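**Student:** Please see the structure below; I have some questions.
What follows draws every value from the coordinates through simple rules; no lab data is involved. Only a predicted model underlies this, so the values are computations on that prediction, with no experimental measurement involved. Positions of Cβ are generated from backbone atoms using ideal geometry, with glycine treated the same way; all protein chains shown enter the neighbour counts.
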Amino acid sequence: MSLYKRIEKNNEFPANDKYYWGYQYNLGREVLVPYLRKLGVFHNGDRVTEIGSAEGGVLAAFVEAGAKDALATDIASNRLDMGEQIASFLNLPIDFKFHNILNEDVPSEWENAADLLILRDVIEHLDDTKYALKQIKEFIKPGGFLYVTFPPYYSPFGGHQHNLKNFWGKLPYLHFLPDIIFNKLISSGRDADIVEVKRLRNIRMTPSKFLQAAEETGYSVFRKDYYLLRPVFKMKFGLPAIKITPLASLPLVKDLFSLEASYILQVK
């Protein structure tokens with residue numbers, strides 16, 4: 001029986017947690033593992049770390065595919081706790097730890113340990129991009145890889161307004177509006193989401209900002225791709241991934257139309 005079926009059939013875990021774990025696991029198994037293995041970035045026996053792992057479903061897929069062990073870090077304790085319970089039930093060697101990459105030092109036992117580090121849709125939430133990448137670099141072995149994805153800020157929903165769950169949050173490019181209008185339209189969302197949407201407005205993560213920070217912190221670009229339709233849409237909506245990488249060199253294309261910027265960086 002597959003890992004997914006074992007979790008799906010287990011009634012001890014809440015349905016909502018099973019859904020999120022399953023979504024992560026299927027993304028890892030169907031998209032990330034084959035993609036990174038094909039490029040020679042992931043191999044059997046690798047040590048894999050994910051920052052912002054939530055319940056650790058992605059790492060479960062990597063362990064199932066041959067990772068030697070895995071480290072999951074996050075700042076959401078409740079999601080780490082659930083992930084630890086699921087991994088224990090499945091007998092998977094995943095170590096779940098609370099850690100804030102911006103506010104805490106990297107423990108010595110984590111330094112230069114990861115062959116591959118995964119950072120999915122996290123970097124755009126971190127206030128200091130350059131410092132975050134510098135900290136993350138401490139996790140990775142020389143020659144190891146960092147896989148990063150994020151929605152560019154100026155893309156249709158790069159402002160994360162869809163998280164507000166209100167009418168205005170359904171509109172693409174809402175974050176292009178002036179502050180006085182923008183702040184009014186997002187005011188009916190949940191308080192925590194309003195705060196985060198405003199914070200992302202200050203960060204404004206773009207491909208050029210990310211690549212400059214990566215260069216300044218000692219990474220080389222192994223691969224970069226830009227998607228009109230994200231690979232995760234396969235799990236969410238049953239839609240195929242569509243790249244616009246060949247058009248990304250045209251002015252503003254990757255900033256305005258790519259729903260996902262995807263990078264594989266290598267530690268120099």
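**Student:** How long are the semi-axes of the equivalent ellipsoid of segment 152-238, taking √(5λ) for every eigenvalue λ of the Cα gyration tensor, in whole Å from largest down? Walk me through the intermediate numbers first.
**Tutor:** On the way: eigenvalues 141, 64, 23 Å².
Computed over segment 152-238, the values are 27, 18, 11 Å.
**Student:** What dipole magnitude, in Debye to the nearest 20, does the chain give about its Cα centre under +1 on Lys/Arg Cβ and -1 on Asp/Glu Cβ?
**Tutor:** With only Lys, Arg, Asp and Glu charged at Cβ, the dipole is about 1020 debye.
**Student:** Using alpha carbons only, what's the Rg to Rh ratio of the chain with Rh from Kirkwood?
**Tutor:** The Rg/Rh ratio comes out at 0.95.
**Student:** Also, quick follow-up: Say the dipole of the chain comes from +1 at the beta carbon of Lys and Arg and -1 at that of Asp and Glu; which of 143, 221, 167 then lies farthest toward its positive end?
**Tutor:** Comparing the listed Cα positions along the dipole, 167 ranks first.
**Student:** Size of the dipole of segment 1-90 about the Cα centre, Lys and Arg at +1 and Asp and Glu at -1 on the beta carbon, nothing else charged, in debye to 20?
**Tutor:** Values: 10 positive and 12 negative charges, 75 e Å.
Dipole size: approximately 360 debye.
**Student:** Could you order peptides 148-160, 123-135, 104-116, 172-184 by the average number of other Cβ atoms within 10 Å of their residues, highest first? Working shown, then result.
**Tutor:** On the way: 148-160: 21.8, 123-135: 18.3, 104-116: 15.5, 172-184: 13.5.
Highest mean packing first, the order is 148-160, 123-135, 104-116, 172-184.
**Student:** What shape does segment 1-154 take by its C-alpha gyration tensor, where a ≥ b ≥ c are the square roots of the eigenvalues and a/c under 1.5 counts as rounded, a/b above b/c as prolate, and the rest as oblate?
**Tutor:** Verdict is prolate for segment 1-154.
**Student:** Turning to a different aspect of this structure: Per-residue counts of other Cβ atoms within 10 Å, averaged by peptide: what ranking do you get for 186-197, 253-264, highest first?
**Tutor:** 253-264, 186-197
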